[in-house]
Amino acid sequence: MQFSTKTSAPEKTRTGCAIVAVHAGKPGAAARAIDAQAGGAIDAALARGDLPAKAGSTLLVGLGGAVERALLVSVGDEAIVPEKAFSDAARAVVRALAATGAKDAVSWLGEVEVAGRDLRWKARALALAAREAAYRFERMKSKRDASPRGPHAIAFGCDRAQAAAIGAELKAATALAGGMDLAKDLGNLPGNVCTPAYLADAAKKLGREHGLKVEVLERKQMEALKMGSLLAVAQGSALAPKLVVMRYDGAGPKQAPIVLVGKGITFDTGGISIKPAAEMDEMKFDMCGAASVLGTMRAIAELKPKVNLIGVIAACENMPSGTATRPGDVVTSMSGQTIEILNTDAEGRLILCDALTYVERFKPAAVVDIATLTGACVIALGHHHSGLFTKSDALAAELSAAGRDSADPCWRMPLDDEYQDALKSNFADVANVGGRAGGSITAACFLARFAKAYEWAHLDIAGTAWKSGAAKGSSARPVPLLTRFVLGRAGAA
Ligand code: BES
Ligand code: MN
Ligand code: ZN
């Protein structure tokens, strides 16, 4: 799908479909200009009451001439259109477009005034909605999905003065969508295909194609590094663990890197503390943190901002077997801290703690780990906000803003030391679980013990990384948030 800008007048812009806004039942300027040329077909349709006022309602009107069709979309009736109404309209537009025969489309939605948002934001919202609607996962199907994906090209109408900025925004949206598609593909692949070795190979491929340096640490090297906690999770599986390190060098060697650390459990059975059968298939998504790191590396490598970025993924499988860790086992992490594994299903923190110790060597400017860490986070925040945990107010503000700006929001949760008491063990330095109370917080508190050497934040994406039910599939979150965050650090957002 190609995105471009158009600076000609709406009625003179030749297209298969002009996308025009209807605000409070009244056609916008672009709709009126096109309609004046087309003999009032739009007005007549509106007068007949064919377009409901609810934001996101659409109506296709055949016109003929330079503008073959007009796709009318309601943006509601509030004086200044709320962000959600515009996003709903954008999603409805791309769905309706796919159902037409139009080979290309031009959007005139830039004229809609959205609360607190500029033209670039509106262009990005529509471009990302179009890519989202065009995404298919058919790698595991024997026949390709024939359902329509929308037009090959979408142009964004704007003033000549804004064309360069909008062009840059569309390029950024395309890079982001490429990263999101990669994250979705990896998340959607089943656990028998997307293994730790598969993730490592995907990283190497990304490195070759986008000029990243990629290194894969094998079990032997993890043993030499004394990563006893990560290795304890891996020991129940027939598949070898991998620790993948990807580097994007966009700034000088003196600049401290941002480090992203992703949880890459390619399937989480729970181990000996085995999970119930219902919905266990969804635990193939337990590597979505790792996938979001790969997706972000891809987007950043394409956009080439002046920043140094390191992506680390800790990948292994959590299985019950004769070699698996038992509840009550005590292991020694790379940091030297001993851990009593009271519940083998709290495995994410066990692999991340060693990865967090490992990344100390990069002397990071900031470390953000991303993990489908706790069911408790889903109970606390549902499926809209990811959980954000950090002791740094500055980093919290930065990540929260990145989430807001990219429509990929997170919500700050507490991380007070008072919660650490829940992790007390009679037999080791720390237990890997607290009680049921505040489960996402005690999980973050566990990680905090291993992230003391740098500024650190943790994103719990258990509720946001994938959708369940009929639309089951990876969401690619938080690739938009992370990409925005990294671009912001480069001063390029
Ligand atoms: N991967 C799961 C967390 C999860 C569960 C994400 C459901 C999304 C949906 C994680 O490894 C896990 O099993 N966590 C346990 C922790 C508990 C044993 C303290 C959980 O949340 O139940
Ligand atoms: Mn688990
Ligand atoms: Zn897990």
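The values are calculated or read from the model by the stated rules, or taken from the named source; none is laboratory data. The shown structure was predicted, so the numbers you read here are calculated from the model rather than taken from an experiment. When we count neighbours, we look across all protein chains shown, and the Cβ atoms used for this are built from the backbone with ideal geometry, even at glycine. We work out accessible area using only protein heavy atoms, side chains counted, and drop any ligands, DNA or RNA first. Shrake-Rupley method; radii C 1.70, N 1.55, O 1.52, S 1.80 Å.
Worth pointing out:
- Computed about the Cα centre, the dipole magnitude for the chain is approximately 1300 debye when only Lys and Arg (+1) and Asp and Glu (-1) carry charge, each at its Cβ.
- Radius of gyration and Dmax over the Cα atoms of the chain, both given in Å: 24.4, 82
- Sequence ranges 174-186, 91-103, ranked by mean other-Cβ count within 10 angstrom, highest first: 174-186, 91-103
- Protection proxy ranking of 376-383, 346-353, 206-213, by the mean of other Cβ atoms within 10 Å over each peptide's residues and highest first, is 346-353, 376-383, 206-213.
- Average 1/r across all pairs of distinct alpha carbons in the stretch 412-475, invert it, and you get the Kirkwood radius: 13.6 Å.
- Taking 16 Å as the straight-line reach from the Cα of Lys275, the lysines in range (excluding those fewer than 8 positions away in the same chain) are Lys284.
- Residue order for Lys204, Lys304 - accessible surface, 1.4 angstrom probe, largest first: Lys304, Lys204
- Burial ranking of peptide ranges 120-132, 394-406, 18-30, 309-321 (average Cβ count within 10 Å, highest at the top): 309-321, 120-132, 18-30, 394-406
- Shown for the chain are the DSSP H helices of 27 Å or more along their axis, judged by Cα atoms, with a mean Kyte-Doolittle hydropathy of at least 0.0: 163-188.
- Its Cα gyration tensor gives the stretch 1-88 an equivalent ellipsoid; the semi-axes, largest first and in whole Å, are 21, 17, 11.
- With N the number of residues in the stretch 34-84, Rg(Cα) / (2.2 N^0.38 Å) evaluates to 1.23.
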